[in-house]
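The values are calculated or read from the model by the stated rules, or taken from the named source; none is laboratory data. Predicted, not measured: the structure shown is a model, and the values here were computed from it. Note that we place each Cβ from the backbone using ideal geometry, even for glycine, and neighbour counts take in every protein chain shown. For the accessible areas, the whole protein counts, side chains as well, though only heavy atoms, and no ligand, DNA or RNA atoms are used. Shrake-Rupley method; radii C 1.70, N 1.55, O 1.52, S 1.80 Å.
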Amino acid sequence: MKTLFAFAAATLLGAVSVHAQDVSGKLVLYTSQPNEDAQKTVDAFMAAYPDVTVDWVRDGTTQVMAKLAAEFQAGAPQPDVLLIADSVTMESLKSEDRLMAYPGADTSAYESGVMDPEGYWFATKLITTGIIYNTAAPMQPTSYRDLLSEEAKGKIAMPSPLTSGAATIHMDALTSNPTLGWDFYEALADQGANPQGGNGGTYKAIAGGEKLYGFVVDFLPIREAVKGAPVRFVFPEEGVSAVSEPVAILSTAQNPDAARAFVDFLISTEGQELASDMGYLPAHPGVAAPEGFPARDQIHLMEFDPAKALKNDMANKQRFMDIFGG
């Protein structure tokens, strides 16, 4: 098996090398990756494609999209490629004809439903949202419904879908689940949950003991638990939601060849191993998960339809505000 894997890897690297001879020039990337991860991504790509220089801009997805909207308004969008948090935002851009399809991208190794079937955006990793708890907590949850117990009352922190794309998708996945639904979110409000801000604030509140339970993206507690932080991440029995940090090519890309090479690199085995090295769960099922994660085939992803989520986005957020306040 190792021999076959090595051969496949060598073949892949050879393919990268051939492409590298064919692309050059400047590539402009807008991304919501953390700064350190964005720099590692750019450095690895430029090592594989030495004739390409990447200029990149990093900010939160909401801020990146606001900047891009202003550039669309001015008729001068700058990026060739986007690498942002969630597929719902990509679906919005796709519906506005802002993205360039890349049907030739090799997605054969990936599971159905991970990539856009028409080749407009491509998952680069899986960032799941499940349950976090402080190890000093009296109860170790295994199900979302455990957060409705008396032990969790008044001790729940969670990011707001009005701020976080991952929290938006988590809300959509849980409220679409027939065993949870909107009744579950209303019960969380009765428990005293007060969703605020993004995942970083939720993690700090629970790691610091201000709260004991909540929802959060996986890599924050898993990375820090390995270093000794008093937190645990739970993949609940109902499953986890996931954002895929998709990459897409703008329809107005000035260097589409380099943009396609960037997509190829991120979804290649080499690119997926880079994601794993940075502490993320790879989207490629054949690439090993980093330390602290269960095997990929032991993680149950809840059903999620990006197009349906986009259609219902405003109504869902209004219902969320009706339950928790704005």
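So the values come out like this:
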quantity	calculated
Wholly enclosed helices (runs of 4 or more DSSP H) of the range 235-326 bearing at least 2 residues farther than 20 Å from residue 93 by Cα and in the same structural domain as residue 225 (by the TED database)	306-324
Failed item in (1) outside the structural domain of residue 273 (by the TED database); (2) in contact with a helix residue (DSSP H, G or I) (Cβ under 8 Å, 6 or more places away or on another chain); (3) in a loop (DSSP other than H, G, I, E, B), with residue 147 passing the rest	(3)
Total residues in the range 193-249, condition touching a helix residue (DSSP H, G or I) at 6+ places or on another chain (Cβ under 9 Å) and of a type in the set (Gly, Ala, Ser)	11
Residue satisfying condition, being in the same structural domain as residue 258 (by the TED database), more than 20 Å from residue 218 (Cα to Cα), out of contact with any strand residue (DSSP E or B) (no Cβ under 9 Å at 6 or more places or on another chain) and open to solvent by 60 Å² or more (accessible area, probe 1.4 Å), within set 138, 117	117
Residue count for the range 73-93, restricted to those that are in contact (Cβ under 8 Å) with a residue 60 or more places away in the chain and either in a loop (DSSP other than H, G, I, E, B) or closer than 21 Å to residue 27 by Cβ (or both)	12
Matching entry among 74, 47, 85, 70 (being hydrophobic (A, V, I, L, M, F, W, C), closer than 22 Å to residue 302 by Cα and either at pLDDT below 95 or surrounded by fewer than 15 Cβ atoms within 10 Å (Cβ to Cβ) (or both))	85
Residue count for the range 198-209, restricted to those that are open to solvent by 20 Å² or more (accessible area, probe 1.4 Å), assigned to a helix (DSSP H, G or I) and at pLDDT 95 or above	3
Residue tally, condition crowded, with 19+ Cβ neighbours inside 10 Å and in a helix (DSSP H, G or I), over the range 94-114	1
Residue identified as in contact with a Lys or Arg (Cβ under 9 Å, 6 or more places away or on another chain) and among the hydrophobic types (A, V, I, L, M, F, W, C) among 99, 126	126
Filtered residue count, the range 31-72, keeping only those that are touching a residue at least 24 places away in the same chain (Cβ under 8 Å) and among the acidic types (Asp, Glu)	4
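Residues are listed down the side, and each one gets a yes or a no for (1) within 13 Å of residue 232 (Cα to Cα); (2) in a helix (DSSP H, G or I); (3) touching a residue at least 24 places away in the same chain (Cβ under 8 Å); (4) open to solvent by 30 Å² or more (accessible area, probe 1.4 Å):
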| position | (1), (2), (3), (4) |
| --- | --- |
| 178 | no, no, no, yes |
| 183 | no, yes, no, yes |
| 186 | no, yes, yes, yes |
| 193 | no, no, yes, no |
| 196 | no, no, yes, yes |
| 211 | no, no, yes, yes |
